[in-house]
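These notes concern the structure reproduced below.
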């Protein structure tokens, strides 16, 4: 696994997310209401919509297209039409930056 | 042998009917053209503003639902009390619209999960409204998801109202709901018997099929009890209360529903080309739960109905001017639909204000073998 610098901590408000593209793939980087950071794949598993335009509510990210929801901390699909788990990635804060761990 | 004059007077023939099935050649073509699950045009909205607009609240929908259910109870009571005299007519007229038309917007908004903040409230009203509008609550959830993924993409969208060439007679009959409930009742009975069509299986995941059959059986059982009550008491009163409003009160649902996409483009990836925002009176907006802001709704479907007027203000400079009223919408839509019956590929293309970004024509023009998209 390699750690990749994704964005500055200040780029994301608490209880929000941003999109991060790297190596031909797209990811979503989150901060929860306490400021802890998380990362998932960037596209909804239902219809491949970018989750970065969705709404973070508590531990859930809502797809901006169809109201499907995932727990972005575990990746679990929590509301239809999403049924397939969202892939999560480790995330950490290093200095003022957020890094995510990606498989080599 | 006809003269030149008679040839000139002869109307153009109707366009060849397109394949609107979800499993036929149009479906394969839509995928080949990159129109399925594509990325759509969005107006720019600052992230902080969009987050604010998407916030869920229980208050507006609880208020509206209490008014809705209260009015249903009052008008039903009045209709029953005055049954047998002409005084019952205004009560049933109002009850009919509250049941047979307002159910559609409640079904729709709760299906999106945006009416209430509390999930069980969305689910409860969704189930009630699904029954009232005669839609299978499972299969229609999936068909509507597809409608938002592939809005008016032929071969993908299961909810295209005007299939060209559109039947004038059928669309007039829709206002009195007879054809409509006959069609939907057949679907419910077929689903209740355990049968789903290939189109239904195209958008309903296998794991959901059992639920679709279960809810169809629940709906059919309630209608069977209504019929039994009508026979037992020898009166149509049970159908005035249950099911009947989908005939005598559905006119408002169809009037507003036709405006959503009628006369506009098929097979485009810009909701400004295939959806219509139409200003309307406050009563219709309440019945319709602000779905008159239809471009806004399709572009940002997770914005709740009560926030759509604010969203409209935020992005209006990037949209065609809204149609000013329901009559104005019909005045522009009906001639366009009639022209679409005879002119392949015609659609009503609205002028954008100078402040708007251009339509995504470059994307449509690059689609191979695309015929008939013109102004």
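Rule-based calculations on the coordinates, nothing more; no lab input. Quick caveat: nothing in here was measured; it's all calculated off a predicted structure. Positions of Cβ are backbone-derived with ideal geometry, glycine not excepted, and every protein chain shown enters the neighbour counts.
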Fewest-first sequence of B:203, B:81 by Cβ atoms within 10 Å of each Cβ: B:81, B:203
Globularity ratio of the range B:176-218, using Cα Rg and 2.2 N^0.38 Å: 1.20
All Cα pairs of the range B:29-83, percent lying beyond 12 Å: 79 percent
Give me D for the range A:2-102 in µm² s⁻¹, whole number, from Stokes-Einstein with Rh from the Kirkwood sum over alpha-carbon pairs, 25 °C and 0.890 mPa s. 187 µm²/s
Calculate how steeply helix B:206-233 sits against the longest principal axis of the alpha-carbon atoms of chain B, using the helix alpha-carbon long axis, and give the answer as 0 to 90 degrees to the nearest 10. 50 degrees
In the range B:194-242, how does Rg compare with the Kirkwood Rh, expressed as the Rg/Rh ratio over alpha carbon atoms? 1.21
How many nm is it between the label spots at residue B:28 and residue B:44, if each spot is 7 Å from the Cα in line with the beta carbon? 4.3 nm
Scattering profile of the range B:216-375 at q = 0.09, 0.14, 0.15, 0.16 Å⁻¹ [log10 I(q)/I(0), Debye over alpha-carbon scatterers]: -0.43, -0.81, -0.88, -0.95
Per the Kirkwood formula over distinct C-alpha pairs, the hydrodynamic radius of the range B:1-143 in angstrom is 20.0 Å
Considering Cα pairs under 8 angstrom that are at least six residues apart, work out the relative contact order of chain B and quote it in whole percent. 23 percent
Per 20 Å bin from zero, what fraction in whole % of the C-alpha pairs of the protein assembly as shown is there, up to the bin with the longest pair? 21, 54, 22, 3, 0
Long-range Cα-Cα pairs in the range B:106-191 (distance over 19 Å), rounded percent: 49 percent
If you take the beta carbon distance between residue B:186 and residue B:83 as r and set R0 to 22 Å, what does 1/(1 + (r/R0)^6) give as a FRET efficiency, to the nearest 0.05? 0.15
Average projected area [Cα convex hull, chain B], square nanometres: 22.8 nm²
Convex hull volume of the Cα atoms in the range B:144-290, per residue, in Å³? 138 Å³
